[in-house]
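Before any comments, here is the structure.
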Amino acid sequence: MNKFFKSLPFKLVVGIVFGLVIGQIANHSVMSVVVAVRYILSQIIIFCVPLIIIGFIAPSITKLGTNASKVLLVAVLLAYVSSVGAALFSMFAGYAIIPNLSIVSNTDGLRELPKIVFKLDIPQIMPVMSALALSILLGLAATWTKATTIIKILDEFQKMVLDIIVKVVIPILPIFISFTFMTLSYEGSITKQLPVFITIILIVMLGHYIWLAFLYILAGIYTRKNPLEVLKHYAPAYITAVGTMSSAATLAVALECARKSSVLRKDMINFGIPLFANIHLCGSVLTEVFFVMAISQILYGAIPALGVMIIFCILLAVFAIGAPGVPGGTVMASLGLISGLLGFDEAGIALMLTIFALQDSFGTACNVTGDGALTLAMSGYADKHNVHEKLKTVEF
């Protein structure tokens with residue numbers, strides 16, 4: 001119980017409630033301070049985005065490269081296609097469902113926030129897309145040239161960035177989100193949308209189960225083996241993922257569940273489960289796509305255009321492969337994509353971080369359970385292509 005009170009979701013809930021209550025009673029002077037502090041916190045978070053992209057995507061590519069093989073390439077493609085497919089499925093569902101939700105996006109009768117009296121601008125070291133391009137090219141070049149020194153430096157940089165996330169970004173998130181909800185409550189817009197947030201979360205959870213069923217059915221058709229022989233063992237891993245919100249923390253349980261299956265090859269389990277735990281984030285991607293569409297409708301009055309959303313889905317799957325293994329890692333890694341491509345401001349980013357974190361445990365559980373389906377497909381691929389060598393476990 002004590003661990004729960006220290007968890008990020010609990011802190012976020014407290015921050016949201018605090019922000020909603022104080023926003024209703026705060027005066028203009030208090031809100032002037034809130035707006036200024038929120039701006040500074042948002043600058044810190046946005047500054048960290050390129051660092052997160054470089055710190056996780058580039059080292060991930062080098063690690064994949066050092067273990068390069070035909071089987072590895074197939075595994076990466078499977079994970080990417082699953083994530084892109086989940087994103088597109090969520091996108092089409094969003095266009096079909098969100099316009100029919102009772103979303104009020106007008107601003108009539110809302111109070112105006114005070115102007116920011118003190119600004120501390122912290123420019124990013126480079127644009128987000130530049131960071132993505134640099135990460136990909138740097139990781140590939142280091143792999144091609146076998147630049148062991150650079151690879152070690154990238155690994156160390158990844159550890160540094162992870163510490164920045166854990167010790168700087170995550171601790172200020174509850175404050176940033178609380179202040180954001182305080183401003184939304186002060187304006188009067190958020191109180192109209194609470195039922196919609198609950199509805200959106202329930203819809204996304206249903207989407208997780210539909211996508212998992214789709215993955216397991218496809219894997220069963222490809223391998224001509226019963227996918228239930230894998231899925232029926234995954235309940236402990238699913239529950240563990242819900243409790244930990246971490247694929248890495250669930251890895252030992254997921255391996256144990258997969259080993260109980262009679263249709264999964266042991267070498268593919270040892271190879272695939274740890275790898276997919278790091279690069280297969282179908283549940284998180286599905287969640288994020290639906291959420292950004294809903295938040296865009298709530299705050300900005302319209303869902304992003306189809307072309308923009310397709311590009312977002314394609315790039316989001318790339319970001320997910322290098323996402324940090326912390327709660328909300330997928331959305332943290334793609335903050336620049338959300339702000340740069342979709343045009344979200346501080347309020348949009350705060351809402352995105354909040355509702356994503358509140359259901360992140362279920363997204364992680366979907367990711368972990370989906371790994372079983374991909375490992376089944378990998379077992380079938382190995383059988384069909386006479387892959388007999390025993391692959392080593394990939395560790396990150």
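The values are calculated or read from the model by the stated rules, or taken from the named source; none is laboratory data. Every value quoted in this text rests on a predicted model; they were computed, and no experiment measured them. FYI the Cβ positions are ideal-geometry reconstructions off the backbone, even for glycines, and counts take in every protein chain you see. Each accessible area value is taken on the protein alone, full model and side chains, heavy atoms only, with ligands, DNA and RNA left out. Shrake-Rupley method; radii C 1.70, N 1.55, O 1.52, S 1.80 Å.
Number of residues in region 120-149 that are of a type in the set (Val, Ile, Thr) and free of Cβ contacts under 8 Å to residues at least 60 places away in the same chain: the value is 3. Of note, Thr354 does not satisfy the criterion of being surrounded by 24 or more Cβ atoms within 10 Å (Cβ to Cβ), modelled with pLDDT of 80 or more, of a type in the set (S, T, N, Q) and out of contact with any Ser or Thr (no Cβ under 6 Å at 6 or more places or on another chain). Across region 10-28, the qualifying residues are those that are free of Cβ contacts under 8 Å to residues at least 60 places away in the same chain and over 30 Å from the mean Cα position of the chain (by Cα), and the one among them that is least open to solvent (accessible area, probe 1.4 Å) is Asn27. Can you spot a residue in region 155-166 that is touching a Ser or Thr at 6+ places or on another chain (Cβ under 7 Å) and either crowded, with 17+ Cβ neighbours inside 10 Å or touching a residue at least 60 places away in the same chain (Cβ under 8 Å) (or both)? No, every residue in region 155-166 fails to be touching a Ser or Thr at 6+ places or on another chain (Cβ under 7 Å) and either crowded, with 17+ Cβ neighbours inside 10 Å or touching a residue at least 60 places away in the same chain (Cβ under 8 Å) (or both).
All of Leu113, Leu202 fail the test of being of a type in the set (A, V, I, L, M) and at pLDDT below 80, apart from Leu113.
In the set Tyr80, Tyr95, only one residue is in contact with a helix residue (DSSP H, G or I) (Cβ under 7 Å, 6 or more places away or on another chain) and either surrounded by 15 or more Cβ atoms within 10 Å (Cβ to Cβ) or modelled with pLDDT of 70 or more (or both); that residue is Tyr80.
Screening Leu184, Leu137 for residues that are touching a helix residue (DSSP H, G or I) at 6+ places or on another chain (Cβ under 7 Å) and either buried (at least 17 other Cβ atoms within 10 Å of the Cβ) or in a helix (DSSP H, G or I) (or both) leaves exactly one candidate, Leu184. Quick check: is even one residue across region 120-128 at pLDDT below 80 and open to solvent by less than 60 Å² (accessible area, probe 1.4 Å)? Yes: one or more hits. In region 259-316, of all residues being in a loop (DSSP other than H, G, I, E, B) and of a type in the set (D, E, K, R), the one that is most open to solvent (accessible area, probe 1.4 Å) corresponds to Lys260. If I filter region 312-333 down to residues being of a type in the set (Gly, Ala, Ser) and modelled with pLDDT under 75, which single residue comes out as nearest to Leu137 (Cα to Cα)? The selected residue is Gly322.
If you check Ala294, Ala305, which single one turns out to be over 21 Å from the mean Cα position of the chain (by Cα), modelled with pLDDT of 85 or more and not basic (Lys, Arg)? Walk me through it before giving the result.
Numbers: Ala294 fails: over 21 Å from the mean Cα position of the chain (by Cα).
The conditions single out Ala305.
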